[in-house]
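Shown next, in structure tokens, is the structure this report addresses.
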Amino acid sequence: MTLSSSTPLAPAARAIDIIGADLTEASLTRYLRGLPTVDAVGLAARATDLGSRSIKTTSKAWALDKIISLIDLTTLEGADTPGKVRSLVAKALTPDASDMTSPRVAAVCVYGDMVATATEALGNSKGEHAPGGINVAAVATAFPSGRASLRVKLADVADAVDAGADEIDMVIDRGAFLAGNYGRVFDEIVAVKAACQRPDKSYAHLKVILETGELNTYDNVKRASWLAILAGGDFIKTSTGKVAPAATLPVTLLMLQVVRDWHRLTGERIGVKPAGGIRTSKDAIKYLVAVAEVAGEEWLEPHLFRFGASSLLNDVLLQRQKISTGHYSAASYVTID
Amino acid sequence: MTSTNGTTSNTPPAGQKSSFLDYAPAPESTAILNLKSEYGLFINGEFVDGHGTSFTTISPSTEKTIATISAADASDVDAAVKAARRAFDRSWSTISGRERGKYLFRIARLLQERAREFAVAESLDNGKPIKESRDVDVPLAAAWFFYYAGWADKLDHAGLGANPRALGVAGQVIPWNFPLLMLAWKIAPALAAGNTVVLKPAETTPLTALLFAEVVQQAGLPAGVVNILTGAGATGQALVTHPDVNKVAFTGSTAVGRLIARQIAGTDKRVTLELGGKAANIVFDDAPMDEAIEGIVNGIFFNQGHVCCAGSRLLVQENIHDEVVDRLKARLTTLRIGDPLDKNTDIGAINSAAQLERIRALSKVGEDEGAVRWSAPCDLPEKGFWFAPTIFTNVSTSHRIAREEVFGPVLSVLSFRTPEEAIAKANNTPYGLSAGIWSDKGSRVLAVADKLRAGVIWANTFNKFDPASPFGGFKESGYGREGGRHGLAAYLAPAESRPYAAPAIQAAAVEPVAIETPVADADPQTPTKFVRRKGANK
């Protein structure tokens with residue numbers, strides 16, 4: 001890729017607004033490279049500082065319920081079966097069988113071929129507009145590696161949308177990104193966004209997975225975040241959960257800074273989803289603090305912040321039970337999904 | 001959500017929609033602290049009553065009295081110096097460096113074991129937030145003792161040649177901004193080098209020094225090696241001018257530093273002074289923006305700006321000036337001001353009514369001189385001494401708020417166009433303690449750092465301290481270095497010299513300095529080794 005490349009990119013309203021009508025690979029690259037850099041030590045220090053907040057009593061109780069309502073309850077295994085997905089959906093609908101005051105999770109996240117099963121299992125409770133509704137999110141675009149032709153990736157997306165997915169979690173082409181081919185990454189996101197459109201012209205929400213563990217540097221994460229937003233992503237998501245490190249507090253903090261800056265620039269709010277590796281209430285509360293103090297409390301809603309997690313839910317439920325009963329329950333007092 | 005003691009400002013007014021950000025109070029318990037209602041002077045290993053007029057120390061966040069404190073008069077100072085001299089002659093200068101190191105390691109470990117207690121006491125007495133005393137002051141104080149404990153048996157490598165000698169009795173006067181940490185900066189190198197000390201903590205913050213006296217007892221330090229005298233300026237003056245004090249170490253204001261220099265001029269006392277500052281924090285347009293904002297905040301609002309090396313002058317490249325100020329204001333509105341003992345408090349109380357008055361007066365001058373004042377919107381508690389984080393824009397180099405040390409949470413923002421101008425403006429101050437540089441370009445950082453006349457320069461960070469790193473100032477910020485090998489050397493003399501320039505005719509009468517006497521080492525496993533007996537001239 002050279003700066004002199006002037007291949008026109010697919011139309012993307014946001015990018016044209018910000019970068020200008022002469023949107024080319026060269027201008028996109030210049031824009032991304034012109035972003036202020038990130039100091040890794042300073043970023044980690046700020047994350048540690050946010051992580052040291054002491055969230056107690058009423059604030060903790062509120063935070064635990066909020067965390068549940070922000071979870072994308074996830075199963076992404078080669079061994080997923082219809083039975084496993086139905087079990088996951090049941091858990092999503094009734095997180096704590098011993099305490100019906102528990103909120104429901106935001107969504108279930110499955111592979112594309114399981115969307116129909118999940119949809120059927122949710123029945124009347126499917127979709128954020130249903131009372132107590134739960135969205136169905138599908139990973140797509142040759143998840144997790146993203147190593148397939150664009151045609152295959154788009155077919156993957158279209159299948160999931162056709163099957164009723166409310167949300168699409170796509171992966172970016174990290175190979176193209178690391179090769180400096182930002183235009184290719186951009187075009188793919190734009191094309192996937194187009195494929196998210198339903199016959200009624202509405203769109204499935206698009207979450208763009210950066211796979212920050214493979215991008216390696218915070219400067220790369222920052223550029224990829226801007227790139228994903230410019231190309232039309234509704235959410236930026238850290239990881240597939242298949243690569244270590246997955247979500248970390250510093251990397252999520254950085255992405256929160258990007259969406260805060262995007263809002264500062266355009267007035268538009270983009271969502272953030274850390275995924276993978278967040279297993280305890282204690283960790284999840286640190287993320288809530290970071291969201292509230294960096295992006296703002298208005299981000300603490302399911303349309304702007306999600307946790308991609310599977311084991312987190314039960315830890316939160318145990319903490320919740322501790323608050324209501326005064327003692328810690330054994331793990332057998334929460335259901336496995 | 002209700003506040004436990006009325007000083008937390010984050011509680012929303014009744015009826016207002018509560019917010020997650022109004023974190024429920026998370027106060028650190030004071031139950032761990034066993035304070036006495038009265039504290040005497042710590043002389044010769046024991047607490048004794050002082051002969052001066054006792055005073056009380058209050059908590060600046062509530063104005064409640066914590067304890068009654070003895071004041072040392074000239075006779076108490078004399079008793080303490082005599083005790084230190086005796087300890088120097090009879091025990092401390094005669095034991096091996098390794099033995100001294102063991103005592104220092106023991107003190108360091110005790111500080112760690114009692115860390116929570118010290119943190120609570122420090123926040124109570126000083127007003128600084130518990131997260132700072134817990135995460136910075138106390139761990140660093142312990143680190144200082146650990147570091148210098150390691151030096152105690154390696155004095156040959158302190159840079160003064162073989163067998164350097166201790167100076168004798170050190171008279172040390174410390175400020176109220178980092179009471180325990182400054183104590184560690186003073187006592188650890190002095191003891192490691194083989195000196196004994198008489199230390200006077202600040203009048204408003206004597207508590208942790210007195211707790212430290214308990215640690216000294218606990219560690220079994222020989223009586224008189226560490227003496228703590230509480231009192232006001234007169235006590236400090238009596239201490240530094242005492243004829244039998246060989247070394248004076250002072251941290252505090254430039255005005256008092258000048259006075260001390262004048263008072264001890266013509267004597268052979270060694271002196272190190274760590275005085276005021278008006279540090280420039282230089283932000284170039286290629287700086288990592290979010291981290292620079294954090295660094296600016298940390299630079300000036302850490303410890304309520306009661307930091308001699310605070311980055312109180314923000315020099316920001318003009319092409320990013322407005323953006324930096326906007327982002328800074330947004331960040332400052334998220335700072336949490338209130339009860340220092342709440343674990344979520346970012347900014348605590350101003351240490352004293354007098355200091356609050358000074359900050360208010362200088363801020364008023366800033367407004368009068370035409371600078372634009374902006375203070376973070378926050379409800380300040382009614383009781384106690386509080387000042388909202390404040391920034392002044394439209395500040396020019398001639399304004400008093402750009403020249404004088406405010407020693408409070410007040411930032412002056414100036415702009416520059418080129419690196420050359422940044423350097424010139426940064427150096428355009430009578431002070432020279434510290435400076436910060438924010439840039440992504442390593443070569444620029446090094447080139448600018450090379451030309452800044454400041455003792456400590458931070459690149460892409462601020463207010464970072466390490467016992468291995470020397471700290472001290474240029475110009476009116478003082479002389480001498482604390483920390484690292486240099487900080488150790490400040491308490492040592494080369495083998496040939498002696499603390500007193502005694503007349504030659506008398507010199508023959510005193511115990512010769514260079515004689516080496518075999519002394520049995522405390523550890524029977526090691527062979528007897530030669531330990532130098534220092535001539536005390538007494």
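For the condition within 30 Å of residue B:135 (Cα to Cα) and either among the hydrophobic types (A, V, I, L, M, F, W, C) or surrounded by fewer than 20 Cβ atoms within 10 Å (Cβ to Cβ) (or both), what is the one hit in A:52, A:69, A:87?
On the way: A:69 fails: within 30 Å of residue B:135 (Cα to Cα); A:87 fails: within 30 Å of residue B:135 (Cα to Cα).
Step by step, each of A:52, A:69, A:87 is checked, and only A:52 is within 30 Å of residue B:135 (Cα to Cα) and either among the hydrophobic types (A, V, I, L, M, F, W, C) or surrounded by fewer than 20 Cβ atoms within 10 Å (Cβ to Cβ) (or both).
When you look at residue A:270, is it surrounded by 19 or more Cβ atoms within 10 Å (Cβ to Cβ), within 27 Å of residue A:52 (Cα to Cα) and β-branched (Val, Ile, Thr), yes or no? For residue A:270, the condition - surrounded by 19 or more Cβ atoms within 10 Å (Cβ to Cβ), within 27 Å of residue A:52 (Cα to Cα) and β-branched (Val, Ile, Thr) - is met. From the list A:191, A:228, the lone residue that is under 25 Å from residue A:265 (Cβ atoms), surrounded by 24 or more Cβ atoms within 10 Å (Cβ to Cβ) and of a type in the set (Gly, Ala, Ser) is A:228.
The number of residues in segment B:245-268 that are in a loop (DSSP other than H, G, I, E, B), in contact with a Gly (Cβ under 8 Å, 6 or more places away or on another chain) and within 22 Å of residue B:81 (Cα to Cα) comes to 2. Can residue B:57 be described as surrounded by fewer than 18 Cβ atoms within 10 Å (Cβ to Cβ), under 15 Å from residue B:209 (Cα atoms), in contact with an Asp or Glu (Cβ under 7 Å, 6 or more places away or on another chain) and at pLDDT 95 or above? So residue B:57 fails the test. Of the listed requirements (1) among the polar types (S, T, N, Q); (2) closer than 24 Å to residue B:398 by Cβ; (3) surrounded by fewer than 23 Cβ atoms within 10 Å (Cβ to Cβ), residue B:263 misses just one: (2).
Can you spot a residue in segment B:278-285 that is within 14 Å of chain A (Cβ to nearest Cβ), modelled with pLDDT of 95 or more and under 17 Å from residue B:395 (Cβ atoms)? Looking through segment B:278-285, at least one residue is within 14 Å of chain A (Cβ to nearest Cβ), modelled with pLDDT of 95 or more and under 17 Å from residue B:395 (Cβ atoms). In segment A:183-208, the residues that are within 19 Å of residue A:306 (Cα to Cα) reach residues that are assigned to a helix (DSSP H, G or I) and of a type in the set (S, T, N, Q) with C-beta atoms within less than 9 angstrom, at least six apart or across chains, in these pairs: A:208/A:225. Working only within segment A:305-323, note down all residues that are aliphatic (A, V, I, L, M) and either within 13 Å of chain B (Cβ to nearest Cβ) or assigned to a strand (DSSP E or B) (or both). Within segment A:305-323, A:309, A:323 qualify.
Checking segment B:393-410 against the condition returns no match, with no residue being in contact (Cβ under 8 Å) with a residue 24 or more places away in the chain, crowded, with 17+ Cβ neighbours inside 10 Å, among the hydroxyl-bearing types (Ser, Thr, Tyr) and under 28 Å from residue B:179 (Cβ atoms).
Examine segment B:293-303 for a residue that is in contact with a strand residue (DSSP E or B) (Cβ under 8 Å, 6 or more places away or on another chain), surrounded by fewer than 20 Cβ atoms within 10 Å (Cβ to Cβ) and among the β-branched types (Val, Ile, Thr), and state whether such a residue exists. Looking through segment B:293-303, none of the residues is in contact with a strand residue (DSSP E or B) (Cβ under 8 Å, 6 or more places away or on another chain), surrounded by fewer than 20 Cβ atoms within 10 Å (Cβ to Cβ) and among the β-branched types (Val, Ile, Thr). Within segment B:298-323, the set of residues being in contact with a Lys or Arg (Cβ under 6 Å, 6 or more places away or on another chain) and assigned to a helix (DSSP H, G or I) comprises B:303, B:318. Residues in segment B:122-172 that are crowded, with 24+ Cβ neighbours inside 10 Å, within 14 Å of chain A (Cβ to nearest Cβ) and hydrophobic (A, V, I, L, M, F, W, C): B:130 only.
Looking at segment B:234-243, is at least one residue over 20 Å from the mean Cα position of the chain (by Cα), assigned to a helix (DSSP H, G or I), of a type in the set (A, V, I, L, M, F, W, C) and within 14 Å of another protein chain (Cβ to nearest Cβ)? No - not one qualifying residue is present in segment B:234-243. For segment B:270-297, which positions are assigned to a loop (DSSP other than H, G, I, E, B) and either at positive phi or in contact (Cβ under 8 Å) with a residue 60 or more places away in the chain (or both)? Listed by number, the residues that qualify are B:275, B:276, B:277, B:278, B:279, B:284, B:286, B:287, B:288. Determine whether residue A:72 is closer than 24 Å to residue A:318 by Cβ, away from every other protein chain (no Cβ under 12 Å) and touching a residue at least 24 places away in the same chain (Cβ under 8 Å). Answer is yes for this residue. Among the criteria (1) under 30 Å from residue B:442 (Cβ atoms); (2) buried (at least 20 other Cβ atoms within 10 Å of the Cβ), the one residue B:286 does not fulfil is (2). For residue A:61, the conditions (1) of a type in the set (A, V, I, L, M); (2) away from every other protein chain (no Cβ under 14 Å); (3) over 21 Å from residue A:255 (Cβ atoms) all hold with the exception of (2).
Residue under question is residue B:344, and the condition is that it be part of a loop (DSSP other than H, G, I, E, B), within 14 Å of chain A (Cβ to nearest Cβ) and either under 19 Å from the mean Cα position of the chain (by Cα) or not acidic (Asp, Glu) (or both); does it hold?
Considered against the rule, which asks whether it is part of a loop (DSSP other than H, G, I, E, B), within 14 Å of chain A (Cβ to nearest Cβ) and either under 19 Å from the mean Cα position of the chain (by Cα) or not acidic (Asp, Glu) (or both), residue B:344 comes out as yes.
Would you check if residue B:339 is assigned to a loop (DSSP other than H, G, I, E, B), surrounded by fewer than 24 Cβ atoms within 10 Å (Cβ to Cβ) and of a type in the set (Asp, Glu)? Spell out how you get there, then give the answer.
On the way: assigned to a loop (DSSP other than H, G, I, E, B): yes; surrounded by fewer than 24 Cβ atoms within 10 Å (Cβ to Cβ): no; of a type in the set (Asp, Glu): yes.
Judged against the criteria, residue B:339 is not a match.
Listed conditions (1) free of Cβ contacts under 8 Å to residues at least 24 places away in the same chain; (2) touching a helix residue (DSSP H, G or I) at 6+ places or on another chain (Cβ under 9 Å); (3) farther than 29 Å from residue A:23 by Cα are all met by residue A:129, apart from (2).
The values are calculated or read from the model by the stated rules, or taken from the named source; none is laboratory data. Everything quoted here is computed from the prediction, not taken from an experiment. Positions of Cβ are backbone-derived with ideal geometry, glycine not excepted, and every protein chain shown enters the neighbour counts.
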